[in-house]
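Worksheet: one structure, shown below.
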């Protein structure tokens, strides 16, 4: 048996391993380039300011001003998304997220498989032993 603390300690080790992957290294480099780029920083500052304005306009019911601000936001977002550095950064984010999802899925699947195995369950049906033992007998129950 493992304790929660032992599992957390192993998770931290796994996190450290993951932080030393190509995906995370690429993410860190892409993020650094984003922060070094003056044009991107200015566009991001404009976005933040416009988002605050949009919230204020919406809260005060200034629909026309809100719509105009939303249009400006969309334009700046489109400009940012077309920049190669931003595309690289977004791709690096997707790559790190995929890695995290794969690890999460692997852990979840391992736990499920272990439970099925230990309880004498049915791998093909994805049922634990408790489910298999309490499943109605399909051959006899249909004639009752």
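Every number here is computed from the coordinates shown, using simple stated rules; none is lab data. Here the structure is a predicted model, which means the values were calculated and not measured. When we count neighbours, we look across all protein chains shown, and the Cβ atoms used for this are built from the backbone with ideal geometry, even at glycine.
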Residues that are in contact with a helix residue (DSSP H, G or I) (Cβ under 9 Å, 6 or more places away or on another chain), more than 30 Å from residue 118 (Cα to Cα) and touching a residue at least 40 places away in the same chain (Cβ under 8 Å), at least 1 per element: which helices (runs of 4 or more DSSP H) completely within region 1-104 meet that? 22-36, 38-59, 63-81
Residues in region 105-123 that are assigned to a loop (DSSP other than H, G, I, E, B) and loosely packed, with under 13 Cβ neighbours inside 10 Å total 2
